[in-house]
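Working notes, beginning with the structure itself.
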Amino acid sequence: MRTEQEHEYVEYVRSRLPSLRRTAHLVLGDGHRADDAVQDALTVLYRRWGRLTEVASMDAYVHTMVVRACLAYQRRSWSRVLLRGDPPDSVVESGSGRVDDRLVIREALGRLPVRQRMAVILRYLCDLPVSDVAQVLGCSEGTVKSRTHHGLRALRAVLGERASASVPATIAAHLRGQA
Amino acid sequence: MIEDTLHRYARQDLPPSRLQAEDVLVEARRRNRRRARLVGAAAGAAVLATFGAAAVVRTVATPPITAAGSGCVVDQLDIPAGSTGGVVANGIDPSGRYVIGLAGTRAAPQAVLWTGGTVRVLPGAFAPQAVNAAGLVVGFTGPARVQYGDEKQQRPVVYDGTRLVPLPLPDGGLGGVAYAVNANGDVLGTVVRADGSSAAVRWRTSGTVAIVSTVAGASGLGLNDDGVAVGFGMPLPHALRWSADGVTTALPVPTGADSATALAAAGDWAVGDAELPPTGNKDDLMARAAVRWNLRTGAVELISGIGGRRVSASGTVAGTTSTDAPALWRNGRIFALPLPPGGTPYSSSVSGITADGHSLVGSVEVSAGAISTSGPAGDPVASDRTVPVVWRGC
């Protein structure tokens, strides 16, 4: 890559790094693995910097690459995850009311079948349109809708179970509001 | 609603990260260089494998890269007088008579035309993208670099040999770029519309403009003399073909690839880049692969080891290797193009090829670059180490 293109690349990466890390973190649920996946995606972007980046909707494309790098990362590390149990959650400060919320939701997401989980994460956490989720996951839009529908229903059930026990007030309120 | 809970969860504070933009570049470069060494060692490994009991089966075989024959020579193109910063060659017409290039700054680009051994800067401050055998040049005015697909700052133009003529935007178009011109003078490009969507657009010599395709993220990039256009949609890149009478069809993804983009067309051929599935080896992220489609028969093939930037009417693919060295692919073999004295192998581009596939143009950096975290002074379109080159007899 030519010098001025490397400069443009660094400029672009600097401006988009926070949102790309957020996407990767939401998909993988772990800061270190998220950084690895972002590096993988941005390495591919380095290779493709040029015609593709000049003419296409860059941001949507790069976010798609990050999600795909996360999925590849997840597939690669699947055996390791099985061996050591659930991936570690990020360290959060205890004492803040949001800690429990996060752990509860992350755990609830973790209990979904992987395809449902990915559809829910991409659609509702990463805010991708249904058509983009379908492209990223390589399935039809109808399949995305059915997976998110079943995923959300399962989440409600899981979080609802906990609502009767020790679910944080905010979530319990939402669940009640929906009833 | 559960959706609101999830949205709130998505906005959580992230743990701090040590990942910085400069580190991302250093790591991408490191993998690029590492891959260069691995590719260099691969020929030996392939020989050993034939003696081994269990040879590694690769899904995509990469042909060995050999030096182009001694008849293939590289020449630096003259730099126009008064030009500061670097100059890049952007294209060559199918007959090999005209070469176009870009100089100046990103804010004020200069179009350069080489013909018959002379070089001159064309009037009108525009960025040329393609030239046909009649010397018709197409491109755009506005900032020299299309910033991350934001073509609304650009206006499509054609230079007819004497003056710069703006091409009309279709209804709702805010800006656009003309990327290809064929022998008839028909032009293909991309327009950004007021709602933020993009469309592939065809301008005919009759003066009409027509939207070819409005699939999401559509970019129109290549056009052959029969009027068949190619390009791609987003966000997961997928190659598209538009017939002369306006029918859109998907170009197939070759077996062994995840996705493909179409970037150029000539004669019966279209070419683009393929994205290969991840192998688990991070160094493989730098591997390039081209796709070549036969627009007449529909046949598709995956070519590992070279990116597909341009194709000749004879079917030769021009691009750069996985280590950014200039190369061409012909009849199943990849040939490395020679570098000018002092040329570095990691920072080349190939931007044009003639109809016969024997002459190419591109740009090469002539000294090793340090990692740049600040832009070149004055924001030139290329660093002053970048020189335009032409390869002939290849």
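None of the figures in this text is laboratory data; all of them are computed from the coordinates on show. Note that the structure is predicted; figures quoted are calculated from it, not measured. Here Cβ is always computed from backbone atoms with ideal geometry, including for glycine, and neighbour counts include all displayed protein chains.
Arrange B:D324, B:D75 by Cβ neighbour counts within 10 Å, fewest through most, would you?
B:D75, B:D324
Can you give the relative contact order of the stretch B:101-147 as a percent, counting alpha carbon pairs under 8 Å and 6+ residues apart?
34 percent
Mind listing the long-range amide H neighbours of B:V212? Cut-off is under 5 Å, sequence gap 5 or more, other chains count too, H placed in the peptide plane at 1.01 Å from N.
Amide H neighbours of B:V212, under 5 Å, 5+ apart: B:A200, B:V201, B:R202.
Which whole-number percentage describes the relative contact order of the stretch B:238-394, with Cα contacts under 8 Å and a sequence gap of 6 or more?
Once divided by the residue count of the stretch B:238-394, the mean separation gives 14 percent.
Expected output is a single nm value to one decimal: the length gained when fully extending between B:R392 and B:R18, i.e. 0.36 nm times separation in residues minus the C-alpha distance. What is it?
Stretched fully, the B:R392-B:R18 segment lengthens by 129.9 nm.
How big is the charge dipole of chain B about its Cα centre, in debye rounded to the nearest 20, if each Lys and Arg gets +1 on its Cβ and each Asp and Glu gets -1 on its Cβ?
Here chain B has a charge dipole of around 640 debye.
What is the local net charge at B:T141, summed over the other residues whose Cβ is closer than 14 Å to its Cβ (Lys, Arg +1; Asp, Glu -1)?
So the surrounding residues net to +4.
Please give the length that would be gained between A:H150 and A:R75 if that part of the chain were fully extended, namely 0.36 nm times their separation in residues minus their C-alpha to C-alpha distance (nm, one decimal).
24.8 nm
Along the positive direction of the dipole of chain B (beta-carbon charges: Lys, Arg +1; Asp, Glu -1; about the Cα centre), which of B:V24, B:W114, B:V201 reaches farthest?
Most positive-ward Cα: B:V24.
How high is the relative contact order of chain B, in percent, counting Cα pairs under 8 Å that sit 6 or more residues apart?
With pairs under 8 Å counted, the relative contact order is 16 percent.
Relative to the Cα centre, what is the charge dipole magnitude of the stretch B:150-240, using +1 at the beta carbon of each Lys and Arg, -1 at the beta carbon of each Asp and Glu, and rounding to the nearest 20 debye?
In debye, rounded to 20, the stretch B:150-240 gives about 160.
State the Cα centre-to-centre distance between the stretch B:178-211 and the stretch A:100-129 in whole Å.
Centre-to-centre distance over Cα atoms comes out at 42 Å.
Please report the orientation-averaged projected area of the stretch B:63-200, defined via the convex hull of its C-alpha atoms, in nm².
Computing the convex hull of the Cα atoms and averaging its projections yields 10.7 nm².
Show that you can apply the helix-only estimate: for chain B, add -39,500 (n - 2.57) for every DSSP H stretch of four or more residues, divide by all residues, and state [θ] at 222 nm to the nearest 500.
-3500 deg cm²/dmol
Can you tell which of B:L251, B:A264, B:V181 lies farthest toward the positive end of the dipole of the stretch B:142-295, using +1 and -1 charges on the Cβ of basic and acidic side chains (Lys, Arg; Asp, Glu)?
Result: B:V181.
Length gain on complete extension for the stretch B:E301 to B:R204, per 0.36 nm per residue less the alpha carbon to alpha carbon distance?
31.8 nm
Just the Cα atoms of chain B, one point each, no solvent: what log10 I(q)/I(0) does Debye give at q = 0.07, 0.09, 0.11 Å⁻¹?
Log10 I(q)/I(0), no solvent term: -0.33, -0.55, -0.82.
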